[in-house]
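Notes follow once the structure below has been shown.
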Amino acid sequence: MDPLTGLLHGLGVVFTFQNLLAAFFGALAGTALGVLPGLGPVAGVAILLPITFTFPPTAGLIMMAGIYYGAQYGGSTTAILVNMPGESSSVVTCIDGYKLTKRGRAGGVLSIVAIGSFIGGTVSVIGVMLFSPALAQLGILFGPAEFFALTAGGLLLLSRISGGSFAAGILPMALGMVLSTVGEEAVTAMNRFTFGFNDLSQGIDLVPLVVGLYGVTEIMFLVERIKSQPLPVPVRLRDMLPTREELRRSWAPFGRGTVVGFIFGLLPGPSATLSSFASYRLEKGVSKHRDEIGEGAIEGVAGPETANNAAATSSMVPLLSLGMPFGAITALMMAAMMVYGVQPGPLLMTDHPEIFWGVIASMLIGNVMLLALNIPMISVWVSLLRIPSHILLTMILLVAVIGSYSVRNSMLDVYVLLFIGLIGYVFRKLDFQLAPLVVGVVLGPLIEKHMREALFMSRGDLLVYISSPIAAGIWILVFLVMVPQIKDSLLRKLFIGRKGIE
């Protein structure tokens, strides 16, 4: 079906009580989790993932999407009020947002953020509606060899684009792929790497893994910072009205941030975070008030906050159209689809149009909900920051444990939750990236499946992986991106080593 017909079909799917409730709860919970410093959208989706499984697939995915873009808005609240970003994409918001708060403009800035988030998210939904069907049509041309190149090559690219050193991305990715092989093998039904434990024959479940890796890890880091967390300034509803000058200066950053965010959302990596930094740098280069940015300019808030919401929305394009999760959130959504028995990718639009178009339409409705929710409820979010941390963190940990256990009623999942949480904490301390580990677990079985299918169809000919123009083109792209980064990393280590010897 064409994009307009698809959108109308999606709106029909969303406008049911259950799906509207899922979108509302997702936006509300996402904003609340974004407001709490350190949790953010990834930990929020991970902790609430078991709850989404109580809904049908469409409602569950609508809720997860709502948590994602809701947290993008919520994270800016703490960045502006207490100079502490609720999640990584709001880091640059601290620079100008908190300076404006100290001038007494907190309410107006929060309103500008709400308007920018609405514009960026809404325009990006239109882009998703137009781009996704075209990509899905391209994806139909893919066979096992092309899908192997896409999944394996995409995993390699994500491990590098997430940031940090070469080892910081590759090691977690490799660990994730190893964990994905634990349990019963799909073709021969033989147990692998169970070490005599029958419970491991079912494999490592995704829910305790992602909840532990993000939720428990974040709780550990929050405990470290409890005493240093400042209290927010009070904001009254009558203070929320922005001035005419603030609105006038925000329209151009709104437009530029939307374009930057949409483009970054289509690329591998932490798109919301990268787009906010790119938008901030763009505003410093082209804004008429560039000299004020960094000292408390509205452009330094309007552009980045619009960009991260646009990126959060457009990141759904590669997930829904190609079955490629280019970030931690979309990896969790893909994991949820697989639990539901739904295979994301080019055939999703044909096989499950209610999910494909329902999620897209829900983002349009969800952005309207966010605008209506967040401006009147700002005093509620400020009050949330005043809950004693020991009470709040205990409740979050309790939800994480109960949610992980309830999926399979297995104590093994609780042990995995705690163990992976500890692993995540150590990895974060050592500056390793966590997203490649999650994507490695999610894509590992798919990589093995496509590799076997291609070998079977080619009767063992290894050249099948580069025989088609699409597969060869993907591997060339991976080579062009990976080799310079590996070379730079090796040269940097060689230089440091020589300097240490001298």
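Okay, here's what the table says:
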quantity	calculated
Vicinal HN-Hα couplings computed from phi for the stretch 284-290 (Karplus, 6.51 cos²θ - 1.76 cosθ + 1.60; Hz; Gly/Pro x)	5, x, 10, 5, 5, 10, 4
Added length on full extension, which subtracts the Cα-Cα distance from 0.36 nm per residue, Ser468 to Tyr415	14.6 nm
Vicinal HN-Hα couplings computed from phi for the stretch 333-346 (Karplus, 6.51 cos²θ - 1.76 cosθ + 1.60; Hz; Gly/Pro x)	5, 5, 4, 5, 4, 5, 5, 6, x, 10, 9, x, x, x
Fully extended contour minus Cα-Cα distance, from Glu224 to Glu295, at 0.36 nm per residue	22.6 nm
Vicinal HN-Hα couplings computed from phi for the stretch 392-400 (Karplus, 6.51 cos²θ - 1.76 cosθ + 1.60; Hz; Gly/Pro x)	5, 5, 5, 5, 5, 5, 4, 4, 5
Subset of Lys99/Lys284; Lys99/Lys429; Lys99/Lys288; Lys102/Lys284 violating a 28 Å alpha-carbon distance limit	Lys99/Lys429
Ranked list, fewest to most other Cβ atoms within 10 Å of each Cβ, for Phe24, Phe142, Phe419	Phe419, Phe24, Phe142
Positive minus negative residues near Leu462 (Lys, Arg vs Asp, Glu; Cβ under 15 Å)	0
Arg192 long-range amide H proximity, modeled H, under 5 Å	Gly183, Glu184, Glu185
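Where a number appears in this text, it was derived from the coordinates with a stated rule and is not lab data. This structure is a prediction, so every number in the text was calculated from the model and none was measured. A quick note on method: Cβ atoms are made from the backbone with ideal geometry, for glycine too, and the neighbour counts reach across all protein chains shown.
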